[in-house]
Amino acid sequence: MIDLITLTDAQSPRAEAYRSLRTNLDFYSLENPLHALLITSAEPDDDKSTVLANLGVISAQGGKQVILVDADMRRPRLHTLFGVANGQGLATALVDEHAALPIIDTEIPNLRVIPAGPTPANPADLLASARMDAIIAQLKQQADVVLFDAPPLIAVTDGALLATKVDGVLLVARAGHTKREFVERAKDVLAKVKANLVGSVLTNAALDTGVYKYYGQN
């Protein structure tokens, strides 16, 4: 498993940042339930899949039943992050309504993954379908938290379409990479579809030296 700092260095400041994110989302959920949460970004290579995977690990470690869904059927990553097969996935279940959802157990207790599966010809149409609504409802019955990885908002319409079907959206940006204007455009996209933007995550940010020393790092 790569990029899973919550497993490889669980006591690090970066891992603790994911615990803080989980706590903030838990408090938000007290009044505004976040059963199904979409994690996306403004542009490609903004670490959205890494954020989703680590948040999933932290939530599972906290005792919640978690299902991660790779809804980025154009550039899927979750199967690589968790070392699972991608022959069957969300796309398979969307194309064939009689196909079972391929929910795969991971090595992490309480954490399961649905990979994207083979890339379909029409990802946006599939995500906008009534079949997708049924899948989301089914997953909510099987887990405490369902996290969806979606394509960048200003690249394709997939993420915006899926954002209308979930309880909330986290927008990921990468320090030193994501352009401010792209973040603003992504927020506008979410506002136009009346999605519930619950917050944002900044990755690749410099660590505060004082805080870093608290964790015993030099």
- Message: For the list (1) open to solvent by 50 Å² or more (accessible area, probe 1.4 Å); (2) within 17 Å of the chain's Cα centre (by Cα); (3) closer than 19 Å to Gly117 by Cα; (4) not aromatic (Phe, Trp, Tyr), I need the number of the one condition that Asp45 fails.
- Response: (3)
- Note on the structure: Within the stretch 28-46, residues being at pLDDT 90 or above and either charged (D, E, K, R) or not in a loop (DSSP other than H, G, I, E, B) (or both) number 6
- Query: How many of the residues making up the stretch 168-192 are open to solvent by 50 Å² or more (accessible area, probe 1.4 Å) and either over 25 Å from Ser12 (Cβ atoms) or at pLDDT below 90 (or both)?
  - Reply: 11
- So Leu52, is it touching an Asp or Glu at 6+ places or on another chain (Cβ under 9 Å) and open to solvent by less than 20 Å² (accessible area, probe 1.4 Å): yes
- Message: Pairs needed: first member in the stretch 127-141, over 20 Å from Arg74 (Cα atoms); second member anywhere, open to solvent by 60 Å² or more (accessible area, probe 1.4 Å); C-beta distance under 9 Å; at least 6 residues apart or different chains.
- Response: Ala134/Glu97
- Query: So which residues in the stretch 12-25 are farther than 12 Å from Val198 by Cβ, open to solvent by 50 Å² or more (accessible area, probe 1.4 Å) and not basic (Lys, Arg), if there are any at all?
  - Reply: Glu16, Ala17, Ser20, Thr23
- Return yes or no: is Asp105 in contact (Cβ under 8 Å) with a residue 40 or more places away in the chain and either within 21 Å of Ser59 (Cα to Cα) or of a type in the set (Lys, Arg) (or both)? no
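The values are calculated or read from the model by the stated rules, or taken from the named source; none is laboratory data. All of these numbers come straight from a predicted model, not from anything done at the bench. A quick note on method: Cβ atoms are made from the backbone with ideal geometry, for glycine too, and the neighbour counts reach across all protein chains shown. The protein model used for the area step is the full one, side chains on, heavy atoms only, and it has no ligands, DNA or RNA in it. Shrake-Rupley method; radii C 1.70, N 1.55, O 1.52, S 1.80 Å.
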